[in-house]
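All remarks here apply to the structure that follows.
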Amino acid sequence: MPEDHPDRHIRCQDAIQFAFQHLLRQAVASGWSESEAVAAFIDLADNHMLSIAANDETNKLIERLKRMT
């Protein structure tokens, strides 16, 4: 699916929905409430997005430094 397709985000959600539900069931079976598990998923996703952004910024800085030498 092209990156600019209007349904791309929804299709990505569709693609990972089964895995998400499976992980959620596992967390609940391990004793966590559904709300606790979903909050943990949100925190994990947020932290991962922050690390992606930090890595992208570091790579941009490295490229700028390479061009300066």
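The values are calculated or read from the model by the stated rules, or taken from the named source; none is laboratory data. Being a predicted model, the structure only gives us computed values, none of them experimental. A quick note on method: Cβ atoms are made from the backbone with ideal geometry, for glycine too, and the neighbour counts reach across all protein chains shown. Accessible surface is based on the protein model in full, side chains and every heavy atom, while ligands, DNA and RNA are left aside. Shrake-Rupley method; radii C 1.70, N 1.55, O 1.52, S 1.80 Å.
Miscellaneous remarks
- Accessible area per residue for the chain, computed on protein heavy atoms with a 1.4 Å probe, is 89 Å².
- Of all accessible heavy-atom area on the chain, the percent that carbon and sulfur account for (1.4 Å): 61
- Considering helices alone, the calculated mean residue ellipticity of the chain at 222 nm is -29500 deg cm²/dmol, with DSSP H runs of length four and up weighted by -39500 (n - 2.57) and normalised per residue.
- Global geometry of region 1-63, whether rounded, prolate or oblate, following the gyration tensor of its Cα atoms and the 1.5 cut on a/c: oblate
- Dipole of region 1-47 computed with +1 at Lys/Arg Cβ and -1 at Asp/Glu Cβ about the Cα centre; of His9, Ala27, Ala39, farthest Cα towards the positive end is Ala27.
- For the chain, a crude dipole built from +1 on the beta carbon of Lys and Arg and -1 on the beta carbon of Asp and Glu, taken about the Cα centre, is about 360 debye to the nearest 20.
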